[in-house]
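In what follows, a structure is listed as structure tokens, so that the remarks can point back to it.
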Amino acid sequence: MKISLNWLKKYVDIPVSDEELIRLIGARLVEVEGVIDETRKYDNIFVVRVEKAERIPDTHLTLCQINNGGDELIQVVCGAPNVREGMFAVWIAPGATVPASVHEDAPFVIGKRKMQGYESNGMLAGADELDFDDKHEKIVEIDPEIAKPGDLLADVFELKDLILEIENKSLTHRPDCFGIIGFAREVAGILGQKFEEPKFLLEESYLPEGFLVNSENGVESKKNRIKVEIADANICPRYTVASVKVLEPTAEEKYLSMMQIFLAKSGMMTKSKIVDVTNYLMLLTGQPLHAFDGDKFLVAGKTENPQIKVRLARAGEKIVLLDDTEVKLDETDIVICSADTPVALAGAMGGKSTMINENTRNVIIESATFSLYNLRKTQMSHGIFSEAITRFTKGVPTGGTFNVLVEAIKEINAKPVALKDCYPGFSGINVVKITTDEINGLLGTDYSDELIVKTLENVGFEIEKNGNELKVTAPIWRTDIHIKEDVIEEIGRLLGYDNIEPTLALHATADKNAMWELKKQIRGLMSKYGANEVLTYSFVSESLLKKANLDVNNSYKIVNSISPDLQYVRQSIVPSLLEKSYKNEKLPVEKFAIFEMNKVYQKKEWGLDDENVPVEKMRIGLVVAERKGIGTAYYKAKKYVAKLLDEFNIEAKYLPLKAKGAPALPFELRRAAEIWAGEKCIGVVGEFKNSVRNAFKLASYLAGFEVDLGSILDLASRKSGIKFGDVKVEDLTVTTEKSYDEALAEVQAMHPGAEITPGTIYQAEGQTSRNITFRISTLK
């Protein structure tokens, strides 16, 4: 995303230097990946008046005499078809660099040259050469009301600018920042200023004459009603639409405009007046809009009045998009229909059949919000990465659809005929109650009530103070505020984490994490016996679960998965290890043992905890495989289990496999066993079913186990009476000429009651002294 500092400054007063502003944005809002310096890009480029324009015989060229505000006219040869006497144009003077080439390896510097025998001094520029467009059709024309001959183009259109290249991914949870206004609001907050909302975004935004508010149907016209049907509020929480009649031609603007320049600075090119307005408002507010040719819309649906249906696509449906691509629709795609005929792929791209052109007079303008989950699938399935879908996949807030649509009608200079606002998915306003002590306690600050309230109100929050408690109402565009920690993070971020004075914790040092200590010990043990640790994704595919003979419905499905191969949270470690085993056998590796310790989740068997989040358990899984194994693979895997349990003095029994859930399902019933210890089953060990082995394309000598680490931790602690983390372990190295036994005796005398084990002995060649390392374990 590109942010123009000049446009940012239209909405917020910035008292600091550009360099300091960029630093603050990077520290408190979002990473700034780069800064494009355009402060000198338009040097020596002027507004001029064409005083004379004579065609050069037998050519397409015109010999022009231009007025740049000086005493003498300047001769320029121009090949554009629209050049004429009296027009105001843009002149790139000799010695200036063509703006479109400024960032190229070899920038193009304009000079004097002869064309068809006539000397040409510089050039009259087109929008493509000025880097405002990609079409090479004509030269730019300037409105004579806003400039005079000799004015610098950079001064007239505020082109001395810095463009910030913003890293989108870190704003995924902040769709309100995907527009200049929302970004400016955050900058105001960072600078400690109260942001002044543009009038058209306020709730009291005007209603066009002849329209009314209806409590059941939102906003609609008294006459000429538009029929809107939303099949499911989950796929379209709000749909606002207007039918308008444009009062001026819809072709491109005659004169170069600030809107066109804003689009160019943001990386978009001009299309037509109507489309430019929709793109402009999207970049300004973050709310995408789409315009349909109204007459074509009615033809597509074979209706006399607009009948709009928002629904999921059906199997076999196809649509030709604006870029002439025909796509076969997926059943998770959302489509906009005229009656029941798809005319747009919602949130992604409009259809060719209702495209705006220069003859369009009746327009249907859509301002809506769609399910970000469906649109992420649409984006990946069809490879569409438009500016609109980029915003929709972040979760565009529902609050701005109506106001932005009304502003579009004004910008287009159109007469509204009918308007409808359907809002079936209103989710309410987020309210959080919190105290000043809770905020300061977590941040380690002593912010006053007044500073906290002011900081939040600066960016649109409403605060009600009742004693020490603050009732924080989030603005409708802040869909990410739900819990106390969200509010605390907002305070810390806006006031600057770098401004919080670091202080040492007042409480005692935390004990070591018992599970972490257990895993550390197991890691060393497994390595000692030849097993290699791997780390795999906690997210797995449906096909992997099915290969392992696991119940897909026992896994939590991720609604916004980053890849089709990572749609489920795994319920067992073993399937991931089997997948990695195939890759190792394919290398080939003759024999190996791989293990992983990680969390698993089982939807059916464990469900949710008291905080309504999935129950998680830590497990260790291992797979052992050999190409030419001798004996039974079961005993090879059992040997690893026995070594593991012996390490912690845990006695186990191996009973016939009866368990039916994960992780038992991949194992062969008659060649596997349940591991029982402390009167409960703590895991499974055995060989895998032939169907599972074949699904993963693995050799026959294959076995494994999966054991609950929580159970091992509990049993080990009960056996020893000591919890993990209660033992202090230190390494001591002494340099001495004494024997090992003498050194050991001295260390034992220094640490009575401690367990002392030998470490390493090192003696350099030619030296009489040696370094002896001892490991000293004592109870805390």
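Could you give the length gained on full extension between Glu489 and Glu358, defined as 0.36 nm per residue of separation minus the Cα-Cα distance, in nm?
Details: separation 131, 0.36 × 131 = 47.16 nm, distance 4.95 nm.
Residue separation times 0.36 nm, minus the Cα-Cα distance, leaves 42.2 nm.
With the full set of protein chains in place, find how many percent of the accessible area of the chain is carbon and sulfur; take the probe as 1.4 Å.
Values: 18620 of 38550 Å².
Result for the chain: 48 percent of the exposed heavy-atom area is carbon or sulfur.
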Let me cross-check Arg225: its accessible surface, 1.4 Å probe, with only protein heavy atoms counted, in Å² to the nearest 10?
140
For the chain, the charge dipole (Cβ of Lys, Arg +1; Cβ of Asp, Glu -1; about the Cα centre) points to a positive end, and the Cα of Gly179, Ala414, Ala677 closest to that extreme belongs to Ala677
Express in Å², to the nearest 10, the accessible area of Lys2 obtained by rolling a 1.4 Å probe over the protein heavy atoms while all chains stay in place.
80
Report the chymotrypsin sites (Phe, Trp or Tyr not before Pro) located in region 385-419 that are in a DSSP loop and have at most 13 other Cβ atoms inside 10 Å of their Cβ, or state none.
Phe385
Residues meeting the amide H criterion for Gly126 (H placed from the backbone, H to H distance under 5 Å, 5 or more places apart or on another chain) are Val140
Compute the helix-to-body angle for 18-28: its Cα long axis versus the longest principal axis of the chain, expressed 0 to 90° and rounded to tens.
40
Using a 1.4 Å probe, how large is the accessible area of Trp7, given in Å² and rounded to the nearest 10?
20
Whole-Hz couplings from phi, Karplus 6.51/-1.76/1.60, listed for region 688-693; x for Gly and Pro:
9, 4, 4, 5, 5, 4
Using Cα pairs under 8 angstrom and six or more residues apart, how large is the relative contact order of region 55-141, in percent?
28
Rounded FRET efficiency, nearest 0.05, which uses the C-beta distance separating Asn305 from Arg670 and R0 of 45 Å:
0.05
Hits among lysines - C-alpha to C-alpha of Lys738 under 21 Å, sequence gap 8 or more where chains match:
none
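In nm, what is the difference between 0.36 nm times the number of residues separating Ile562 and Asp105 and their Cα-Cα distance?
Numbers: separation 457, 0.36 × 457 = 164.52 nm, distance 3.64 nm.
Fully extending the segment from Ile562 to Asp105 adds 160.9 nm.
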Could you work out the helix-only [θ] at 222 nm for the chain, with each DSSP H run of four or more residues adding -39,500 (n - 2.57) and the total divided by the number of residues, to the nearest 500 deg cm²/dmol?
-7500 deg cm²/dmol
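Note down the magnitude of the dipole of region 408-567 about its Cα centre, charges +1 on Lys and Arg C-beta and -1 on Asp and Glu C-beta and zero elsewhere, to the nearest 20 debye.
On the way: 18 positive and 24 negative charges, 188 e Å.
Around 900 debye, computed over region 408-567.
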From the backbone phi of region 616-630, what are the Karplus-calculated ³J(HN,Hα) couplings (6.51 cos²θ - 1.76 cosθ + 1.60, θ = phi - 60°) in whole Hz, Gly and Pro given as x?
10, 10, 8, 9, 10, x, 9, 10, 10, 9, 9, 6, 10, x, 10
Residues whose built amide H sits under 5 Å from the amide H of Val417, excluding neighbours closer than 5 in sequence, are Ser243, Val244, Lys245
Can you put Ser448, Ser427 in order of accessible area, largest first, using a 1.4 Å probe?
Ser427, Ser448
Amide H contacts under 5 Å for Asn82, placed H, 5+ residues apart
Ile139
Acute angle (nearest 10 degrees) that the helix 372-382 long axis makes with the longest principal axis of the chain, alpha-carbon atoms:
80
Acute angle (nearest 10 degrees) that the helix 180-190 long axis makes with the longest principal axis of the chain, alpha-carbon atoms
60
Which residue, Thr778, Tyr635, Val140, has the largest displacement toward the positive end of the dipole of the chain when charges sit on each Cβ (Lys, Arg +1; Asp, Glu -1)?
Tyr635
Among 520-527, 161-168, what's the highest-first ranking by average C-beta atoms within 10 angstrom per residue?
161-168, 520-527
Signed unit charges on C-beta, dipole axis of the chain, positive-most listed residue Ala754, Tyr654, Leu698:
Tyr654
Cut-off under 23 Å on the C-alpha distance; same-chain residues fewer than 8 positions from Lys415 excluded. Which lysines are left, in chain and number order?
Lys199, Lys222, Lys223, Lys227, Lys245, Lys254, Lys271, Lys273, Lys296
Lysines with Cα under 26 Å of Lys603, excluding same-chain neighbours fewer than 8 positions away:
Lys377, Lys519, Lys546, Lys547, Lys557, Lys580, Lys617, Lys658, Lys660, Lys680, Lys689
If every Lys and Arg gets +1 and every Asp and Glu gets -1 at its Cβ, then about the Cα centre region 626-780 yields a dipole, in debye to the nearest 20, of 1200
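If I stretch the segment between Lys604 and Met115 completely, what's the gain in nm (0.36 nm per residue apart, minus their alpha carbon distance), one decimal? Don't jump to the answer; show the numbers that get you there.
Details: separation 489, 0.36 × 489 = 176.04 nm, distance 8.03 nm.
Extending this stretch completely gives an extra 168.0 nm.
Residues of the chain: accessible area per residue at 1.4 Å, in Å²?
That works out to 49 Å² per residue.
The values are calculated or read from the model by the stated rules, or taken from the named source; none is laboratory data. Every value quoted in this text rests on a predicted model; they were computed, and no experiment measured them. Heads up, the Cβs are rebuilt from the backbone with ideal geometry, glycines too, and the neighbour counts pull from every protein chain shown. Please note that ligands, DNA and RNA were not included when accessible areas were found on the heavy atoms of the full protein model with its side chains. Shrake-Rupley method; radii C 1.70, N 1.55, O 1.52, S 1.80 Å.
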